[in-house]
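Before any comments, here is the structure.
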Amino acid sequence: MKNLFIIFLKGIYTNTLRILFAADRVTSKDIKDSILQGKVKYPEVLNDESCIGCGGCENICPVEAIEMEPLKKPIELVKGYTKSERPKYDPLKCIYCFWCHDYCPIYAFYGKPGAIHPREVGEFKADPSKLLEEPIVLKEKKIKEIIDTMAKDASKYFEEV
């Protein structure tokens, strides 16, 4: 019983220090202040230069955290293909499933880092004009995954008669 009482007193002492004096704080004062002032900067999740504007990320997102917005000035990437939209990402809706990245054609077809990534896109920049001229190389596993996903999604359009 004595040991239980000592543990209880240590807990009161430790929590009092934490509450009143911010002892053993893990968040720096600068970060805490930026959070309280609403100045937190989200990581860059879209690499506009690499994006082809296909809308695949919007279509695959299960929680509608991505929507396409029109560009002020469309960009012709290759003859016959013009990028007219770009993704707009809502981090408050995102569940971090990473489908937007995994199904981005830049990643899925060309093996380059996707133009969108919920955590952070990093420094990689792809020139979609050059990429779209390259042949698409898919592994058999990826082709099966795409077919399975498309078949699953298409099944909702067919009803039993």
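Computed from the coordinates by the stated procedures, all read-outs in this text should not be read as laboratory data. Remember, predicted model here, so these are calculated numbers, not experimental data. Reconstructed Cβ throughout: ideal geometry from the backbone, glycine too, with neighbour counts over all protein chains shown.
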Chain lengthening between Asn59 and Thr82 when straightened (0.36 nm per residue, less Cα-Cα): 6.4 nm
Read-out volume of the Cα convex hull per residue in Å³, derived from the coordinates shown; its label in (1) 98; (2) 154; (3) 253: (3)
The stretch 1-64 and the stretch 73-145: distance between their alpha carbon centers, rounded to Å: 29 Å
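Percent relative contact order of the chain, based on C-alpha pairs within less than 8 angstrom and at least six residues apart? Working shown, then result.
Values: 175 pairs, mean separation 33.7, N = 161.
Here the relative contact order equals 21 percent.
Can you compute the charge dipole magnitude of the stretch 56-155 about its Cα centre, using +1 on each Lys and Arg Cβ and -1 on each Asp and Glu Cβ, nothing else charged? Give it in debye, rounded to the nearest 20. Each step should come with its number before you reach the end.
Details: 16 positive and 17 negative charges, 40 e Å.
My answer is approximately 200 debye.
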Top of Ala151, Ala108, Ala126 by mean-square fluctuation, Gaussian network on the chain, Cα under 10 Å: Ala151
Value in Å of the Kirkwood radius, where the stretch 1-82 supplies the Cα pairs that are averaged: 18.6 Å
Cα lying deepest toward the dipole's positive end in the chain, options Pro118, Asn15, Pro74, charges on Cβ: Asn15
Kyte-Doolittle mean at least 0.0, axial Cα span of 15 Å or more - DSSP H helices of the chain: 2-21
Cβ-derived FRET efficiency at R0 45 Å, Lys29 paired with Lys130, nearest 0.05: 0.45
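Express the relative contact order of the stretch 82-133 as a whole percentage, based on alpha carbon pairs under 8 Å and six or more residues apart in sequence.
Details: 36 pairs, mean separation 13.1, N = 52.
Worked out over the stretch 82-133, it gives 25 percent.
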In nm, spacing of pseudo-spin labels at Phe98 and Lys10 (7 Å Cα→C-beta vector): 4.0 nm
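Once you have the Cα-Cα distance between Lys142 and Arg119, take 0.36 nm times their residue separation minus that, and quote the gain in nm to one decimal. Before the final figure, lay out the partial values.
Numbers: separation 23, 0.36 × 23 = 8.28 nm, distance 2.30 nm.
6.0 nm is the gain from fully extending Lys142 to Arg119.
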